[in-house]
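Some notes on the structure that comes next.
The values are calculated or read from the model by the stated rules, or taken from the named source; none is laboratory data. What you see is a predicted model; the values in this text were computed from it and never measured. Cβ: placed from backbone, ideal geometry, glycine included. Neighbour counts: every protein chain shown. These accessible areas exclude ligands, DNA and RNA; they are computed on the full protein's heavy atoms, side chains included. Shrake-Rupley method; radii C 1.70, N 1.55, O 1.52, S 1.80 Å.
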Amino acid sequence: MKLTCTRNHLMDAISTVQRVVATRSTDKLLDGILLVADQELVLTGYDNETGIEYRMEADISRKGDIVVPAKYLSEVVRKLPDNHVYLEVQDDYILIVESGNSKFRLRGYPADKYPEIRFVEEESRIVVKQKTLRDMINQTIFAASTDYHSRSALTGLNLICERDSLTLVAIDGFRLAIRHETVPGMDININIVIPAKAMAEIARIMSDGEEEVVILPSHNYIIFDKGNVKLVTRLIKSEYMNYRSIIPREADSSLIISPEVLLAAIERASIMIETDDRRFPVTLSMPDNDTMVIESRTNIGEAKEDIPIALAGDRVEIDFNPRFFIEVLREIEDERVTLTFSGSLGPCSIKPESGDKFFYMILPLRR
Amino acid sequence: MADRVILHVDQNSFYASVEMLRWPVLRDVPCAVAGDPVNRHGIILAKNQLAKKAGVKTAETIWEAKQKCPDLILVPPDYARYIHYSRLARKLYCEYTDRVESFGIDECWLDLTGCPRDDGIAVAEELRRRVKEELGLTVSVGVSWNKIYAKLGSDLKKPDAVTAITRDNYLDVVYPRPVEELLYVGRATSRKLRRIGVRTIGELVDLGPSYLRSIFGVVGLSLYTFATGLDETPVTKAGREVPVKSVGNSLTTHHDLYTEQEIKAVTYMLSESVTSRLRDVGMAARTVQISMRDYQLYNFERQASLPFPTQLCYEIAPAATRLILNHFEQGQKIRSLGVRACNLIPISRLKQQSYLPHEKKREAMLRLEETIDDLRGRYGGLSVRRGISLVDRSLTEHDIKRENVIHPIGFFGP
C-alpha cells in the first residue's frame, strides 16, 4: 500500500470509525483500524456488535491493506505537522506515516485476520432524510435503559415501520419516549430493536442537510448507508416491551405549557438537588386552576416558582426525578405542548398541542 | 500541641450487675448471666464478683462453670434491659463532652479535650461516683492521652476504680503488662508474638515498627502505634457514629440442622430480621454473605452479589438459601447459620414508580414487607409468620430482630 491523502480528511475518517473500535478487547486486531487501499482508501472499525466503514479519496499508487492500533494511529495523525500525508505499508506489517519533516513507523497486523463485516445486505429498504433520522434518535435515546444486566431489550431503540409510518421508541422502565414520522412512499412492516449505543453513533454520523440515508434492515443486522460512511450493527433479538399497553387511555387533568418555560423552572429548582442525589424530588403542584408551582426543598435550600397555566380537570401534587423532565424538555422544539396527569401516582404525559409527532411519559416518585 | 484527655469507662460485670439491681438477693450468692442451654446458647455471658472468686470465667460453658461452682445461680439474659441501662449511662457521659463513642454495650470512650472540665482524673472520679449513685452500677475508668491506653487503664483496676496512665508513668505501668492486654492482640496475634518471645507490651515495642511490619503487615504498624501510645484515632462524636456498613444476624439453632427444609426455614427467618433492619436504617444491600458452622465447629463463609441493591427478604432470602445449599452436603450437621447484608447504599424514601412487571412486583413486595414490619412492631415478631417456619417450631420460635445485640465494631472496620 502506498498513497497520499489530506490529514484533515484522514482524521475525520479515523475519528468516525474509532468510535466503535473496541478498547482492551481480547482480540488485539479489534483494537485496531483496518485500512484498505483499492480504488479509494477504506477505513473500518468493529467491536463485535457494530462496525463502521468510511470511504475516502486518496491518491493511491500501490494497493494494499493493514490493521493498525487505533489509539496510536489517531494520536499520530492528529498531531501531524502538515495537511499532506503519505502512507505506506512496508514488510512485516509496518505502516509508514510521513508528513512535513516527521516520519512514523507504526507496528500493525496482517489484514487477512481481521473479521469480515458485511456492509451489503438487502431484504427491505427505508430511505429518510439524514436530519430526520438524527432528530428522531436524539429525541428518544435518552429514555433507553442502561441496565445491560437485566433489561437487555430495553437497552435498544425499538424501530417500527407500519406501511408509511416510521416510529422510534425508547423505554427504561420509568419513562417512555416515542417519536413518529410519516415517510411518503414507504410500504414495509418491520419491528426490530437496535442497540442504543449504535444509534448514538448513527445520530453523530448523520449530516444536517437534505441528504438521505438508506436503511437496510435484515434478520439479524441493520445497515445505515449514507454513501461514504456505512454502519452495520447486530440487532437485539430479545422481545421488546409492548409500549402501547402502558399508555393510559384517559388523563384526569391537562394543561398547555411552553416547554421552554417549564424546562427553565425545573432546571432552577434542581439547583437545590445535588447531582444524582435521588433522595429529593422536584414537586409539581396546582394550588388553583391558574397556577402551577415548581418547587424543591433539600438540605441545601429551597426553590419555588409559579407558572401561570389554564388547568382542565383535577389538581395534582406530584413528585418527580427532575432529570427525567430536563432530558425530555431539552429535546422538544415545539413552542407549546400538552401536559397531562393521571392522579398523583400516575404518569405525566407530554405531547404536541396537535398531531402525534412525539409522545413522552414520565412516572412519578411515590412518597 | 497539648495532649488529649481521654477516658475509657467500662461498666463492670455489666449484665450481672443489672440483674443484681433487679433481684437484690443475687448480690449475696455467686450468680451468672448465661444463654439458654436448651437452645444451646449455654455459655457464661457475665458473672458477679462471688462467682468470679469461685473461678467462673466469661465465655465458658455452663457445665464447666457448675463444676467449679456448684451453687452458681444462672439468670437468662434480658438484652432490652441492658440496652436501657447502657443508654442511661451514655446520657450521663454526654453531660461532660459531645465526643462519646460506644464500644460494645458496656464500654465508652470520652474525649474531654477542650471541654469546660478537662481534668481527666477529677471527671473520672465524679463519673464513677455518679454512675454508682444514680444508676446503682459500678464502672472502672481509665484516663490517658490516647484511646488504647485509656482502655488498658480501665482494665487494670476494677470494679469501681480509676486508673490514670500518664506520660510519667506509662513506661512502668503499661510496658510490663502482658501483651494480650493490648487492644487487638487476640489469640492469633498473641500466639505469633509468644513464638518470637514477646510476652509484654514493652517487648513488643522493642521489636520496632519495621520488624513488626515485616511480620504482621500494616497491622504490625498499628500494633506499634497502639503499644507506644502514639495512636491518634479520634473519639467519634455522639450521635454521629460511623454509618452502618453491614447488617447481619446469626443463630445457633436449638438442634443441629440436617435437612434442606430446616436450613431454608432458619435462613428465611434470619433474612427477615436482616431485611427488616435494613429498612429501619434506610439502606439497601448489593451483596449477601452467609456463614455456616457445623457440629465440629468448622466455619464456612461465602458471599454473592445481588442483581440490584435491595432491602427485600423476597430477594435476599432466596439468594442466601442458594448460597448455603450450594455448599451444604447431605449428611452434614449444621450448628449455626448467619446471614449478612453488606456493600450497603443509602436509599431514598421516595420510590420511583415503574411500569416494568418485575419492578411493580418488587414495589408490591416492599409494601408487603413494610406492613409486616409494622404488624410485628405492634404485636411481636411471632404475630406474622411464614409457613415454612412451622416445619420445626423449636428452630424458628425466635424473635431474631428483638433478640439482636449489636456487637462492638473494630478499629479496622467490620
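Residue by residue, here is whether (1) of a type in the set (D, E, K, R); (2) in a loop (DSSP other than H, G, I, E, B); (3) closer than 18 Å to A:Ile202 by Cβ holds:
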{"residue": "A:Cys5", "(1), (2), (3)": "no, no, no"}
{"residue": "A:His9", "(1), (2), (3)": "no, no, no"}
{"residue": "A:Ala13", "(1), (2), (3)": "no, no, yes"}
{"residue": "A:Thr16", "(1), (2), (3)": "no, no, yes"}
{"residue": "A:Val20", "(1), (2), (3)": "no, yes, yes"}
{"residue": "A:Leu29", "(1), (2), (3)": "no, no, no"}
{"residue": "A:Leu35", "(1), (2), (3)": "no, no, no"}
{"residue": "A:Leu43", "(1), (2), (3)": "no, no, yes"}
{"residue": "A:Gly51", "(1), (2), (3)": "no, no, yes"}
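What tally of residues in region A:155-192 results from selecting those that are within 12 Å of chain B (Cβ to nearest Cβ) and either in contact with a Gly (Cβ under 7 Å, 6 or more places away or on another chain) or small (Gly, Ala, Ser) (or both)?
Total satisfying the criteria: 1.
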Has region A:169-179 got any residue that is modelled with pLDDT of 90 or more and more than 30 Å from B:Pro309 (Cα to Cα)? yes
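This table checks each residue for (1) buried (at least 17 other Cβ atoms within 10 Å of the Cβ); (2) assigned to a helix (DSSP H, G or I).
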| position | (1), (2) |
| --- | --- |
| A:Val77 | yes, yes |
| A:Ile96 | no, no |
| A:Asp112 | no, yes |
| A:Pro115 | no, no |
| A:Glu121 | no, no |
| A:Val127 | no, no |
| A:Leu133 | yes, yes |
All-but-one check, B:Asp118 against (1) in a loop (DSSP other than H, G, I, E, B); (2) buried (at least 21 other Cβ atoms within 10 Å of the Cβ), failing number (2)
Of the candidates B:Arg199, B:Arg167, B:Arg191, the one satisfying the condition of being without any contact (Cβ under 8 Å) to a residue 12 or more places away in the chain and either hydroxyl-bearing (Ser, Thr, Tyr) or at negative phi (or both) is B:Arg191
Does at least one position in region B:91-108 carry a residue that is surrounded by fewer than 22 Cβ atoms within 10 Å (Cβ to Cβ), of a type in the set (Ser, Thr, Tyr), in a strand (DSSP E or B) and outside the structural domain of B:Ser336 (by TED's automatic domain parsing)?
yes
Residue pairs qualifying under the 8 Å Cβ cut-off, at least six apart or on distinct chains, with the first in region B:345-364 being in contact (Cβ under 8 Å) with a residue 40 or more places away in the chain and the second being open to solvent by 30 Å² or more (accessible area, probe 1.4 Å) and in a helix (DSSP H, G or I), are B:Arg362/B:Tyr314; B:Arg362/B:Glu315
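What number of residues in region B:355-367 are within 7 Å of another protein chain (Cβ to nearest Cβ) and among the acidic types (Asp, Glu)?
From region B:355-367, those within 7 Å of another protein chain (Cβ to nearest Cβ) are B:355-356, B:359; that's our starting set.
Subset that is among the acidic types (Asp, Glu): B:359.
Matching residues across region B:355-367 total 1.
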Counting only residues in region A:328-367 that are out of contact with any strand residue (DSSP E or B) (no Cβ under 7 Å at 6 or more places or on another chain), at negative phi and surrounded by fewer than 17 Cβ atoms within 10 Å (Cβ to Cβ), the one nearest to the other protein chains (Cβ to nearest Cβ) is identified as A:Arg330
Of (1) within 21 Å of the chain's Cα centre (by Cα); (2) of a type in the set (Phe, Trp, Tyr); (3) under 21 Å from B:Leu382 (Cα atoms), B:Phe300 fails just (3)
Within region A:203-223, the residues that are touching a helix residue (DSSP H, G or I) at 6+ places or on another chain (Cβ under 6 Å) and crowded, with 21+ Cβ neighbours inside 10 Å are A:Met206, A:Val213
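For (1) modelled with pLDDT of 85 or more; (2) away from chain A (no Cβ under 14 Å), each residue gets a yes or a no:
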| position | (1), (2) |
| --- | --- |
| B:Gln332 | no, yes |
| B:Ile345 | no, no |
| B:Glu369 | yes, yes |
| B:Asp374 | yes, yes |
| B:Gly377 | no, yes |
| B:Leu382 | no, yes |
| B:Gly387 | yes, yes |
| B:Ser394 | no, yes |
| B:His398 | no, yes |
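Which members of region B:181-208 meet the condition of being in a helix (DSSP H, G or I) and hydroxyl-bearing (Ser, Thr, Tyr)?
Filtering region B:181-208 for residues in a helix (DSSP H, G or I) gives B:181, B:187-195, B:201-207.
Selection gives B:Thr189, B:Ser190.
If you go through region A:135-164, how many residues are touching a Lys or Arg at 6+ places or on another chain (Cβ under 6 Å) and either of a type outside the set (A, V, I, L, M) or surrounded by fewer than 20 Cβ atoms within 10 Å (Cβ to Cβ) (or both)?
Step one: list which residues in region A:135-164 are touching a Lys or Arg at 6+ places or on another chain (Cβ under 6 Å), which gives A:136, A:139-140, A:143, A:145.
Restricting the remaining residues to those that are either of a type outside the set (A, V, I, L, M) or surrounded by fewer than 20 Cβ atoms within 10 Å (Cβ to Cβ) (or both) gives A:139-140, A:145.
So the count comes out to 3.
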With respect to A:Glu317, determine if the residue is more than 12 Å from every other protein chain (Cβ to nearest Cβ), free of Cβ contacts under 8 Å to residues at least 40 places away in the same chain and open to solvent by 50 Å² or more (accessible area, probe 1.4 Å). yes
Of (1) touching a Phe, Trp or Tyr at 6+ places or on another chain (Cβ under 8 Å); (2) in contact (Cβ under 8 Å) with a residue 40 or more places away in the chain, B:Leu212 satisfies every one except (2)
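Report the residue count in region A:59-75 for those that are touching a residue at least 60 places away in the same chain (Cβ under 8 Å) and either in a strand (DSSP E or B) or farther than 29 Å from A:Glu49 by Cβ (or both).
In the first step, residues of region A:59-75 are kept if they are touching a residue at least 60 places away in the same chain (Cβ under 8 Å); the result is A:62-66, A:74.
Cutting the leftovers down to either in a strand (DSSP E or B) or farther than 29 Å from A:Glu49 by Cβ (or both) gives us A:62-66.
Qualifying residue count, region A:59-75: 5.
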Checking B:Leu221, B:Leu270, B:Leu278 in turn, the sole residue that is under 18 Å from B:Glu397 (Cα atoms) and among the hydrophobic types (A, V, I, L, M, F, W, C) turns out to be B:Leu270
Practice task
Report yes if A:Ile300 is touching a helix residue (DSSP H, G or I) at 6+ places or on another chain (Cβ under 8 Å), in a strand (DSSP E or B) and not hydroxyl-bearing (Ser, Thr, Tyr), otherwise no.
Solution key: no
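If I filter region B:313-326 for residues that are assigned to a strand (DSSP E or B) and either away from every other protein chain (no Cβ under 14 Å) or under 30 Å from A:Tyr243 (Cβ atoms) (or both), do I get at least one hit?
no
In region B:347-354, is there at least one residue being within 14 Å of chain A (Cβ to nearest Cβ), surrounded by 13 or more Cβ atoms within 10 Å (Cβ to Cβ) and touching a Gly at 6+ places or on another chain (Cβ under 8 Å)? Give the derivation first.
Our first condition is that a residue be within 14 Å of chain A (Cβ to nearest Cβ); within region B:347-354, this holds for B:347-354.
Cutting the leftovers down to surrounded by 13 or more Cβ atoms within 10 Å (Cβ to Cβ) gives us B:347-348, B:350-354.
Of the ones still in play, those that are also touching a Gly at 6+ places or on another chain (Cβ under 8 Å) are B:347, B:354.
Looking through region B:347-354, at least one residue is within 14 Å of chain A (Cβ to nearest Cβ), surrounded by 13 or more Cβ atoms within 10 Å (Cβ to Cβ) and touching a Gly at 6+ places or on another chain (Cβ under 8 Å).
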In region B:46-71, anything touching a strand residue (DSSP E or B) at 6+ places or on another chain (Cβ under 8 Å) and closer than 14 Å to B:Met20 by Cβ is listed as B:Ala46, B:Lys47, B:Asn48, B:Leu50, B:Ala51
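Condition check: open to solvent by less than 30 Å² (accessible area, probe 1.4 Å) and either out of contact with any Leu (no Cβ under 8 Å at 6 or more places or on another chain) or among the basic types (Lys, Arg) (or both). Does A:Leu41 satisfy that? If you could, list the steps in order and put the result at the bottom.
Details: open to solvent by less than 30 Å² (accessible area, probe 1.4 Å): yes; either out of contact with any Leu (no Cβ under 8 Å at 6 or more places or on another chain) or among the basic types (Lys, Arg) (or both): no.
For A:Leu41, the condition - open to solvent by less than 30 Å² (accessible area, probe 1.4 Å) and either out of contact with any Leu (no Cβ under 8 Å at 6 or more places or on another chain) or among the basic types (Lys, Arg) (or both) - is not met.
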Could you say whether any residue in region B:278-289 is within 27 Å of A:Phe320 (Cβ to Cβ), within 12 Å of chain A (Cβ to nearest Cβ) and not in a strand (DSSP E or B)? yes
For A:Arg268, the lone unmet condition from (1) within 27 Å of A:Lys357 (Cα to Cα); (2) away from every other protein chain (no Cβ under 14 Å); (3) basic (Lys, Arg) is (1)
